[in-house]
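Values in this text are rule-based calculations from the coordinates and carry no lab data. These numbers were taken from a predicted model, which means no experiment stands behind them. Note: ideal-geometry Cβ built from the backbone for every residue, glycine included; neighbour counts use all protein chains shown.
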Amino acid sequence: MEGLTKCQICPHNCKVDRLNGQIGRCKCNDKVKIALASVHQYEEPCISGENGSGTVFFSNCNLNCIYCQNYEISQLGKGKEISINELADIFLKQQSKKVNNINLVTPTMYVYHIIEAIKIAKRKRT
């Protein structure tokens, strides 16, 4: 999480201190914010397969695409803040549904949080 003190996660390299409450160009601080966790069936069949894709839609985005189909989530920040432990539990819940994969939608700004959540989920599984 130290990388958030002078954030350079994305190509904008805004170098804000997200750990001390500063907001980056991506509109993120040090918290994880998600809009939705669900199973997507039949969308992009090559990745959703027979059991679906366990999607986690992260709030905010660093791209600012004007025609984004998820505008309320990516640009308006729709969603709720959760802990890294809660994110780990979401990953495990998706896995328990026997989804073909866990699809992280717009995860770039949360890469450090995701790494920690995966470590926690791995410990909880064993």
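Hydrodynamic radius of the chain by the Kirkwood approach over all distinct alpha-carbon pairs: 15.1 Å.
Coupling constants for the stretch 39-48 follow from the phi torsions by the Karplus curve (6.51 cos²θ - 1.76 cosθ + 1.60, θ = phi - 60°), and in residue order they are 9, 9, 9, 6, 8, 6, x, 5, 10, 7 Hz; glycine and proline get x. Going by neighbour counts of Cβ atoms within 10 Å, the residues 30, 17 line up, fewest first, as 17, 30. Which parts of the stretch 55-78 would a label at residue 25 reach, counting a residue when its backbone N lies under 11 Å from a point 7 Å out along Cα-to-Cβ? Residues 62-64 qualify, since their backbone N sits under 11 Å from the label point. Rounded to the nearest 10 degrees, what's the angle between the helix 84-96 long axis and the longest principal axis of the chain, both from Cα atoms, 0 to 90? Helix 84-96 and the main axis of the chain meet at about 20 degrees.
For the chain, the longest principal axis of the alpha carbon atoms and the long axis of helix 111-125 meet at an angle near 40°. Taking θ as phi - 60° and the Karplus parameters 6.51, -1.76 and 1.60, the scalar couplings of the stretch 13-28 work out to 6, 6, 6, 6, 9, 5, 6, 10, x, 6, 9, x, 4, 6, 6, 10 Hz in sequence order, x denoting glycine and proline.
For residue 125 and residue 64, the difference between the fully extended length at 0.36 nm per residue and the C-alpha to C-alpha distance is 18.3 nm. Loop-located chymotrypsin sites (Phe, Trp or Tyr not before Pro) across the stretch 1-81 with a Cβ neighbour count of 12 or fewer within 10 Å are 42, 67, with loop assigned by DSSP.
Spatial offset of the stretch 1-29 relative to the stretch 62-100 amounts to 19 Å, using the alpha carbon center of each. For the stretch 12-85, the square roots of the Cα gyration tensor eigenvalues, ordered a ≥ b ≥ c, give a/c of at least 1.5 with a/b greater than b/c, which places it in the prolate category.
Out of the stretch 1-95, which trypsin sites (Lys or Arg not before Pro) are coil in DSSP terms and have no more than 10 other C-beta atoms within 10 Å?
On the way: sites: 6, 15, 18, 25, 27, 31, 33, 78, 80, 93; in loops: 6, 15, 25, 27, 31, 78.
Sparse-neighbourhood loop trypsin sites (Lys or Arg not before Pro): none present.
Here's the list of aspartates and glutamates a cross-link from residue 122 could span, going by alpha-carbon distance under 14 Å and ignoring same-chain residues fewer than 8 apart: 86, 89.
Counting only DSSP beta bridges with both residues in the chain, what percent are antiparallel, rounded to the nearest 5?
Numbers: 9 of 14 bridges.
Percentage antiparallel, nearest 5: 65.
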